[in-house]
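The values are calculated or read from the model by the stated rules, or taken from the named source; none is laboratory data. Because the structure is a prediction, the values reported are computed rather than measured. Note: ideal-geometry Cβ built from the backbone for every residue, glycine included; neighbour counts use all protein chains shown.
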Amino acid sequence: MPIKKLDDQNPLTAGREVLVDYGQDEAMNRRINLERGHSDERVFGGGTTFFHPENSVLSEALLRGLLKITGMLDRGRRNAMDIVVRENPVVLPRLPQSFDGFTVLQISDLHLDSRPDFAPRLAEVVAPLEYDLCVLTGDYRFHTKGDVRPSLMGLSLLREALKGDAYAVLGNHDSAEMIPDMLAMGYELLYNASVPIRRDDQDIYLVGVDDPHFFQTDDLEKALIAVPRGITRILLAHSPEIYRVAESADVDFLVCGHTHGGQIALPGGKALYKNARCPSRLASGNWQYRSLKGYTSVGAGSSLLDVRFNCQPEVVLHRLHCP
Ligand SMILES: [Fe+2]
């Protein structure tokens with residue numbers, strides 16, 4: 001990808017240029033090719049699950065119609081705006097002492113252009129929060145194809161509300177087209193890559209992979225190339241579907257989303273559909289698989305339709321602790 005002149009409509013990136021060179025990157029080239037073929041035909045097949053309701057205009061219309069007839073549409077839309085700030089203490093056995101209490105704000109599945117007042121609401125929720133680092137675990141766009149500009153405007157608004165460094169990975173609703181603008185706004189993209197985080201004289205590593213769900217362009221082996229053995233590894237991935245690979249790669253903590261916790265759940269929170277090839281217990285909240293700890297966020301936004309039932313949208317403050 002060459003130097004790109006950024007969108008003049010966006011006040012944060014207008015007139016700026018960013019160098020994005022993924023020219024020889026096999027995963028990126030594969031993703032770009034798949035994005036070209038990303039159409040309604042992909043409602044069935046492709047990715048790690050057979051059925052992709054998020055790609056179907058028909059599913060959206062059916063759900064909207066059903067909720068309207070039953071008088072539940074407005075309540076579902078109100079629920080989707082009721083974002084909770086969740087506290088999640090996590091004990092990591094080999095966390096360096098200087099990182100005890102280190103706080104990571106996770107925002108997942110933002111789908112920022114779901115409705116015009118969603119991005120301002122999300123920015124309002126995160127603005128007063130205190131944390132050391134922010135991570136975004138993908139799905140910035142509402143639909144899986146089409147204009148990226150409305151979601152970029154949302155990302156720009158959100159960036160103004162975030163403090164310090166913000167690291168991001170892409171989800172199955174996103175496009176590689178968004179990368180230059182995101183970089184110009186001040187997001188760091190971890191595209192099958194890692195970055196050391198230093199506190200006093202000690203390091204942990206933040207590692208990010210591309211979407212393991214639909215595009216399957218995640219390359220954890222490549223992402224870990226620069227990470228020394230024996231050091232705490234926190235992995236950002238859009239979906240928990242990478243859990244087996246992550247565990248075998250000695251990852252300490254997998255931070256992910258994608259499932260929306262079902263988004264529409266039964267009273268008590270049981271999801272009707274998780275849209276991911278992983279055990280149900282990995283589809284929301286805290287979980288452990290052998291030595292790997294994980295957290296699957298139910299997400300801040302909503303897809304297919306901007307409604308939620310029995311599954312409150314969230315942003316998460318992960319507070320890391322030594323044993
Ligand atoms: Fe999502």
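What the table shows:
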| item | result |
| --- | --- |
| Selected residue [free of Cβ contacts under 8 Å to residues at least 60 places away in the same chain and closer than 21 Å to Arg31 by Cα] from Pro240, Pro196, Pro228, Pro267 | Pro240 |
| Cross-chain or 6+ apart pairs with Cβ under 9 Å, the stretch 129-140 first and at positive phi and crowded, with 19+ Cβ neighbours inside 10 Å, then at pLDDT 95 or above and assigned to a strand (DSSP E or B) | Gly138/Ala168; Gly138/Leu236; Gly138/Cys256 |
| Per-region count, the stretch 279-303, residues assigned to a loop (DSSP other than H, G, I, E, B) and buried (at least 24 other Cβ atoms within 10 Å of the Cβ) | 8 |
| Residues of the stretch 135-167 classified as over 13 Å from the mean Cα position of the chain (by Cα), within 16 Å of the ligand (Cβ to nearest atom) and part of a loop (DSSP other than H, G, I, E, B), total | 5 |
| Residues within the stretch 113-134 that are in a loop (DSSP other than H, G, I, E, B), over 15 Å from Asp174 (Cβ atoms) and in contact with a helix residue (DSSP H, G or I) (Cβ under 7 Å, 6 or more places away or on another chain), tallied | 1 |
| Residue that is modelled with the lowest pLDDT [pool: residues in the stretch 224-265 that are surrounded by fewer than 21 Cβ atoms within 10 Å (Cβ to Cβ) and among the charged types (D, E, K, R)] | Arg229 |
| Given (1) under 17 Å from Ser151 (Cβ atoms); (2) touching a strand residue (DSSP E or B) at 6+ places or on another chain (Cβ under 7 Å), number of the condition Leu129 does not satisfy | (1) |
| Test: residue in the stretch 84-94 that is in contact (Cβ under 8 Å) with a residue 40 or more places away in the chain, surrounded by fewer than 19 Cβ atoms within 10 Å (Cβ to Cβ), away from the ligand (no atom under 15 Å from the Cβ) and over 28 Å from Thr232 (Cα atoms) | yes |
| Residue list for the stretch 169-218, restricted to those being of a type in the set (Asp, Glu) and buried (at least 20 other Cβ atoms within 10 Å of the Cβ) | Asp174, Asp181, Asp210, Asp211, Asp218 |
| Glu221 more than 16 Å from the ligand (Cβ to nearest atom), touching a residue at least 12 places away in the same chain (Cβ under 8 Å), surrounded by fewer than 16 Cβ atoms within 10 Å (Cβ to Cβ) and part of a helix (DSSP H, G or I) | yes |
| Matching residues, the stretch 284-305, being modelled with pLDDT of 95 or more and either within 12 Å of the ligand (Cβ to nearest atom) or hydrophobic (A, V, I, L, M, F, W, C) (or both) | Trp287, Leu292, Thr296, Ser297, Val298, Gly299, Ala300, Gly301, Ser302 |
| Residue satisfying condition, being among the aromatic types (Phe, Trp, Tyr) and within 25 Å of Asp21 (Cβ to Cβ), within set Tyr131, Tyr191 | Tyr191 |
